[in-house]
1. Could you check ASN57 against (1) surrounded by 10 or more Cβ atoms within 10 Å (Cβ to Cβ); (2) in a strand (DSSP E or B) and say which number it fails?
2. Of everything in the range 60-95, what is surrounded by 15 or more Cβ atoms within 10 Å (Cβ to Cβ) and either touching a strand residue (DSSP E or B) at 6+ places or on another chain (Cβ under 9 Å) or acidic (Asp, Glu) (or both)? Give them in sequence order.
3. Considering only residues of the range 26-54 that are over 11 Å from the mean Cα position of the chain (by Cα) and surrounded by 12 or more Cβ atoms within 10 Å (Cβ to Cβ), which is nearest to GLY90 (Cα to Cα)?
4. Being acidic (Asp, Glu) and touching a residue at least 12 places away in the same chain (Cβ under 8 Å) is the filter here; which residues of the range 22-38 pass it?
5. Can LEU101 be described as buried (at least 17 other Cβ atoms within 10 Å of the Cβ), in contact (Cβ under 8 Å) with a residue 60 or more places away in the chain and not in a helix (DSSP H, G or I)?
6. List the pairs whose first member sits in the range 1-21 and is farther than 16 Å from PHE96 by Cα and in contact (Cβ under 8 Å) with a residue 24 or more places away in the chain, whose second member is of a type in the set (Phe, Trp, Tyr) and outside any loop (DSSP other than H, G, I, E, B), and whose Cβ atoms are under 7 Å apart, counting only residues at least 6 apart or on separate chains?
7. I'm trying to understand the selection: among the residues of the range 48-81, which are hydrophobic (A, V, I, L, M, F, W, C) and in contact with a helix residue (DSSP H, G or I) (Cβ under 8 Å, 6 or more places away or on another chain)?
8. Mind listing whichever residues of the range 81-107 are modelled with pLDDT under 90, more than 30 Å from GLY60 (Cβ to Cβ) and charged (D, E, K, R)?
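The values are calculated or read from the model by the stated rules, or taken from the named source; none is laboratory data. Because the structure is a prediction, the values reported are computed rather than measured. Neighbour counts run over all protein chains shown; Cβ positions are idealised from the backbone, glycine included.
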Amino acid sequence: MIVKGRILDVDDIQQTSFNNRETGEVIVRGELLLSVKKPSQVIKVKVNPDQWREAGNGKGFESIIDKEIDFWIEQKEFSFTRPDGQTISGSNNNLFRLPALQTQNAK
């Protein structure tokens, strides 16, 4: 889906990391807080590692702070079982493709 959104502040752009449960590899990705309309709300959007690197580890997103632009978002359902047997499920908003960033900082 395409949503009109706005990153309101540089603090709404965060880098996160986690360990891949299968390989133990540390994965670095990003998260954005987007202010969207209809209905008005703030949503968290995850940015995959490849897109995060392409956006200069988040620096490219700084060029669009406080600008209303189109974001391509996909919602993904997830489910997994913890080592203790507890099943965890939910959904995430994921960036489907990068918005038009001013790439001077993204390289």
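1. It is condition (2) that ASN57 fails.
2. Within the range 60-95, the subset surrounded by 15 or more Cβ atoms within 10 Å (Cβ to Cβ) is 60-64, 71, 73, 93-95.
Once the filter is applied, which keeps residues that are surrounded by 15 or more Cβ atoms within 10 Å (Cβ to Cβ) and either touching a strand residue (DSSP E or B) at 6+ places or on another chain (Cβ under 9 Å) or acidic (Asp, Glu) (or both), the range 60-95 yields PHE61, GLU62, ILE64, PHE71, ILE73, ASN93, ASN94, LEU95.
3. Restricting attention to the range 26-54, the residues satisfying the condition of being over 11 Å from the mean Cα position of the chain (by Cα) are 26-28, 35-42, 50, 53-54.
So of that shortlist, the ones also surrounded by 12 or more Cβ atoms within 10 Å (Cβ to Cβ) come out as 27-28, 35-36, 42, 53-54.
Numbers: ILE27: 20, VAL28: 21, SER35: 21, VAL36: 21, VAL42: 18, ARG53: 26, GLU54: 27 Å.
Of everything passing the filter in the range 26-54, VAL42 is nearest to GLY90 (Cα to Cα).
4. Here is the first cut: in the range 22-38, the residues acidic (Asp, Glu) are 22, 25, 31.
Result: GLU31, single match.
5. no
6. ILE7/PHE61; ILE13/PHE61
7. Applying the first criterion (hydrophobic (A, V, I, L, M, F, W, C)) to the range 48-81 yields 52, 55, 61, 64-65, 69, 71-73, 78, 80.
If the condition is that a residue be hydrophobic (A, V, I, L, M, F, W, C) and in contact with a helix residue (DSSP H, G or I) (Cβ under 8 Å, 6 or more places away or on another chain), then ALA55, ILE65 are the ones that fit.
8. Selection gives ARG82 alone.
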